[in-house]
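Working notes, structure below.
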Amino acid sequence: MEQRDYLIRATAANGTIRAFAVHSGEVINEAQRRQGLYPVASAALGRTMTVALVMGSMLKGQEHLTVQIQSDGPLKGLVVSADSVGNVRGYVRNPQLQLPLNSKGKLAVGDSLRPGTLHVIRDMGLKEPYQGSVLLQTGEVGDDFAYYFAVSEQTPSVVSVGTLVNPDGSIQASGGYVIQLLPDADTTLAEHLEQRIPHIPPVTALLDSGKSPEAILHLLLGDMDLKLHDKRSVQYYCPCSLERFRNSLITLGREELETLAHAEEELELVCHFCQETYHVARDEVVELLAELANSPTRDTEE
Ligand SMILES: [Zn+2]
């Protein structure tokens, strides 16, 4: 994939429609490479990261969001987080799942995730993060987010995302689009879009034929007063560090830390998102325990 990943934001119909289109091939390629994802996992994660990038672009400043799919399906769920400036990361709980293709000859993403629940947690820097949840509908990700937007955010939306995986597991193409009707949109616009979308090729076909995000938006909304706004690069990025892992150890609490300090010479911590490995020596765990003892607020029940 020679094309760098990016996201385009647009409006149409006199600003009463907002639309987003994304190329995310490198993003999912990076996740696939780091985590050794098998095709179903790549497809589920690629689709989810693509929507998360769109939702991230709706945020401001330091705000960020986490998408969690809790699943009793064989993929066992996934976690994705994205920020407002085009960074995304994610992992699936069963990365090497192998499933036969579904009845349409496609990767069986729905079968791998259903039954389950889609959670969106948005941290807007307020005291309580905003959280919305819906049951998975088809489990194909795009449908589930469309349902989430309609039910949880009262925003009628078309969500079409796709990740094409080659038989050898490498990523052929990934991306998608989201179209949302804003509250003052003319009621006939929904019908108009409903009639049009079935005549547009599936998003994986558009991506595979090399259509750019701009071209996809023109195909969808080109005759509806389409205005392309900003274009921003998007990338797989994990901000983890030894410092963060060390701090997260404190949240385990005194008892657990004492047990660890007794049992292990050195703790090995692996980041789920990027597979980076961190080592924390026993001495450092003992230091953390001392810190816990010295901070009265940490150890008491709230
Ligand atoms: Zn990491």
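The values are calculated or read from the model by the stated rules, or taken from the named source; none is laboratory data. Quick caveat: nothing in here was measured; it's all calculated off a predicted structure. Cβ placement follows ideal geometry from the backbone for every residue including glycine, while neighbour counts extend to all protein chains displayed.
Of the residues Val270, Val234, which single one is within 21 Å of the chain's Cα centre (by Cα), within 16 Å of the ligand (Cβ to nearest atom) and β-branched (Val, Ile, Thr)? Walk me through it before giving the result.
On the way: Val234 fails: within 16 Å of the ligand (Cβ to nearest atom).
Only one candidate qualifies: Val270.
Considering only the stretch 133-149, state which residues are of a type in the set (S, T, N, Q) and either touching a His at 6+ places or on another chain (Cβ under 7 Å) or in a strand (DSSP E or B) (or both). Quick ask: steps written out before the conclusion?
Residues of the stretch 133-149 of a type in the set (S, T, N, Q): 133, 137-138.
Result: Ser133, single match.
Could you please let me know if Gly210 is in contact with a Leu (Cβ under 9 Å, 6 or more places away or on another chain), at positive phi and either modelled with pLDDT of 95 or more or not charged (D, E, K, R) (or both)?
no
Given the criterion loosely packed, with under 13 Cβ neighbours inside 10 Å, modelled with pLDDT of 85 or more, more than 16 Å from the ligand (Cβ to nearest atom) and more than 30 Å from Val51 (Cβ to Cβ), identify the matching residue among Ala281, Ala293.
Selected residue: Ala281, the only one of Ala281, Ala293 that is loosely packed, with under 13 Cβ neighbours inside 10 Å, modelled with pLDDT of 85 or more, more than 16 Å from the ligand (Cβ to nearest atom) and more than 30 Å from Val51 (Cβ to Cβ).
Could you tell me how many of the residues in the stretch 24-62 are over 19 Å from Leu164 (Cβ atoms) and assigned to a helix (DSSP H, G or I)?
4
Going by what's in this entry, would Thr204 be described as out of contact with any helix residue (DSSP H, G or I) (no Cβ under 9 Å at 6 or more places or on another chain), within 29 Å of Gln172 (Cα to Cα), of a type outside the set (Lys, Arg) and away from the ligand (no atom under 16 Å from the Cβ)? Reasoning before the result, please.
Working: out of contact with any helix residue (DSSP H, G or I) (no Cβ under 9 Å at 6 or more places or on another chain): yes; within 29 Å of Gln172 (Cα to Cα): yes; of a type outside the set (Lys, Arg): yes; away from the ligand (no atom under 16 Å from the Cβ): yes.
Here the answer is yes, as Thr204 does meet what is asked.
In the stretch 49-81, which residue that is at positive phi and in contact with a strand residue (DSSP E or B) (Cβ under 9 Å, 6 or more places away or on another chain) is surrounded by the most Cβ atoms within 10 Å (Cβ to Cβ)?
Going residue by residue through the stretch 49-81, those that are at positive phi are 61, 76-77.
Filter once more, so that each one left must be in contact with a strand residue (DSSP E or B) (Cβ under 9 Å, 6 or more places away or on another chain): 76-77.
Values: Lys76: 17, Gly77: 21.
The residue in question is Gly77.
Of the residues that make up the stretch 12-23, is at least one farther than 25 Å from Asp184 by Cβ and touching a strand residue (DSSP E or B) at 6+ places or on another chain (Cβ under 7 Å)?
Within the stretch 12-23, one or more residues are farther than 25 Å from Asp184 by Cβ and touching a strand residue (DSSP E or B) at 6+ places or on another chain (Cβ under 7 Å).
Return the pairs, sorted by first residue and then second, in which the second residue is within 10 Å of the ligand (Cβ to nearest atom) and among the acidic types (Asp, Glu), the first residue lies in the stretch 270-283 and is not assigned by TED's automatic domain parsing to the domain that holds Ala41, the beta carbons are less than 8 Å apart, and the residues are 6+ apart or on different chains.
Val270/Glu276
Please give the number of the condition Ser152 fails out of (1) surrounded by 22 or more Cβ atoms within 10 Å (Cβ to Cβ); (2) free of Cβ contacts under 8 Å to residues at least 40 places away in the same chain.
For Ser152, the failing item is (1).
From the list Glu287, Glu265, Glu256, which one is closer than 27 Å to Tyr91 by Cα, free of Cβ contacts under 8 Å to residues at least 24 places away in the same chain, away from the ligand (no atom under 16 Å from the Cβ) and not assigned by TED's automatic domain parsing to the domain that holds Val27?
Working: Glu287 fails: closer than 27 Å to Tyr91 by Cα; Glu265 fails: closer than 27 Å to Tyr91 by Cα.
From the options Glu287, Glu265, Glu256, the qualifying one is Glu256.
Pro198 passes all but one of (1) over 22 Å from Val165 (Cβ atoms); (2) within 16 Å of the ligand (Cβ to nearest atom); which number fails?
So Pro198 meets the others, but not (2).
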